[in-house]
Amino acid sequence: MTHPLPPPLATWMLRRLATGLHSEALEGDLLEAWHSGRSDAWYWGQALGALRVRTRKALLTAVDSEMPSVGSIADLALWIAFGIVGCFQLCVYASFFFCWTSLSNSDLGIFIEGSLLGGTLIGAVAIAHAIRTTRPRQPCFPHSMPSLFVT
Amino acid sequence: MRERDYLSQLELMILLAVLRIRENAYGMSIAREIEQRSGREVALAGIYAALERLEEKGLVRSARGAPTPERGGKARIYFDVTATGVKAVRSAHATFSRLSAGLKELKPTTS
C-alpha cells in the first residue's frame, strides 16, 4: 500500500537541515502528524522552524565557541552569503520592477549599483543583529515567553 | 557551544511535559502537550534540539520504538526523565516559588 506524501520540497529541506541525533525521528513525527490531518501549511511551518533552529545552532556554535570548528564557520559563512545574495537579488528585482519603464540605461546602471550597496548594508545589519541576538541566553522566567516558535 | 547550568524555559516545559505524558512521550506528543497547556505553537525541531541537550546533560534518556509505515518506516524515539532530571525540575520549581512568594502582582484579581 502506498501512502500520500507531504510537500516534497519541505521534506527535502527537513532532510538537509535536521542533522541532529534524532533527525530521523523528527521526520517520522512530522510525517505521522501530516497523515493524521495536519495541513501542508503546518508541515511547511515545521520545516521553516527546522531552518530557524539550524541557523541559530550554527550561529551559537560559531559565536560562543572559543575555538569554532571548521564546520560551524562554514555554516555561518553559508548563511551570511545567503543573506547578502538574497538582499542583492531582492533590491535588484525591486528596482527593475518599479523603475524599468522610466529610466535610461545610465540611470538604470546607477540604480542597480545603489541597490547592490543598499542590499549589502541591509544584509550586514541583519547579520549583525542575528549574531547579537544569539549571544548567551538569559535564565528562564515565566514572563519571557517568546511569541510564535519557542526555542 | 557554551554549557549552561540552568534550564531554559523550553527545556523546563519539555521536562514537565514528559513527566505528564509518562510512557508515551515522543516528539509529537510532547509538542502537543506543550501546545495544549501553554497555548503556543512550538517547532518540533526546537523540541528535538532541546531534548538532545537534555540528554547530553543526563536529564532525560531515550529509547527507540518500532518503525511504522505511516511514519515512512521511521521509528519513534521515546523519552523519559531521569532522577537527575526530576531533581533539576524540583530545583527550578522551588526557585520560581521562592521568587514569586508574596508578590502582590501575582495574586489572582477579583473582577
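The values are calculated or read from the model by the stated rules, or taken from the named source; none is laboratory data. What you see is a predicted model; the values in this text were computed from it and never measured. Note that we place each Cβ from the backbone using ideal geometry, even for glycine, and neighbour counts take in every protein chain shown.
The one condition from (1) more than 9 Å from every other protein chain (Cβ to nearest Cβ); (2) touching a Gly at 6+ places or on another chain (Cβ under 8 Å) that B:ARG76 does not meet is (1).
Inspect all residues belonging to region A:46-55 and state whether any of them is at pLDDT 70 or above, more than 9 Å from chain B (Cβ to nearest Cβ), assigned to a helix (DSSP H, G or I) and under 24 Å from B:SER29 (Cβ atoms). Checked region A:46-55: no residue is at pLDDT 70 or above, more than 9 Å from chain B (Cβ to nearest Cβ), assigned to a helix (DSSP H, G or I) and under 24 Å from B:SER29 (Cβ atoms).
Annotation: A:PRO4 fulfils all but one of (1) modelled with pLDDT of 90 or more; (2) exposed (fewer than 15 other Cβ atoms within 10 Å of the Cβ); (3) not in a helix (DSSP H, G or I); the unmet one is (1). Quick one: would you say B:ALA83 is surrounded by fewer than 19 Cβ atoms within 10 Å (Cβ to Cβ) and more than 12 Å from the chain's Cα centre (by Cα)? Yes; evaluated as a whole, the condition is true for this residue.
Of the residues making up region B:64-80, those that are in contact with a helix residue (DSSP H, G or I) (Cβ under 7 Å, 6 or more places away or on another chain) and farther than 12 Å from B:TYR26 by Cα are B:GLU70, B:ARG71, B:GLY72, B:LYS74. Cβ separations smaller than 7 Å between residues 6+ apart or across chains give the following pairs from region A:20-39 residues that are facing another protein chain (nearest Cβ under 7 Å) to residues that are among the β-branched types (Val, Ile, Thr) and buried (at least 19 other Cβ atoms within 10 Å of the Cβ): A:HIS22/B:ILE77; A:ALA25/B:ILE77.
The combined condition, being more than 8 Å from chain B (Cβ to nearest Cβ), at pLDDT below 70 and surrounded by 15 or more Cβ atoms within 10 Å (Cβ to Cβ), is not fulfilled by A:GLY71.
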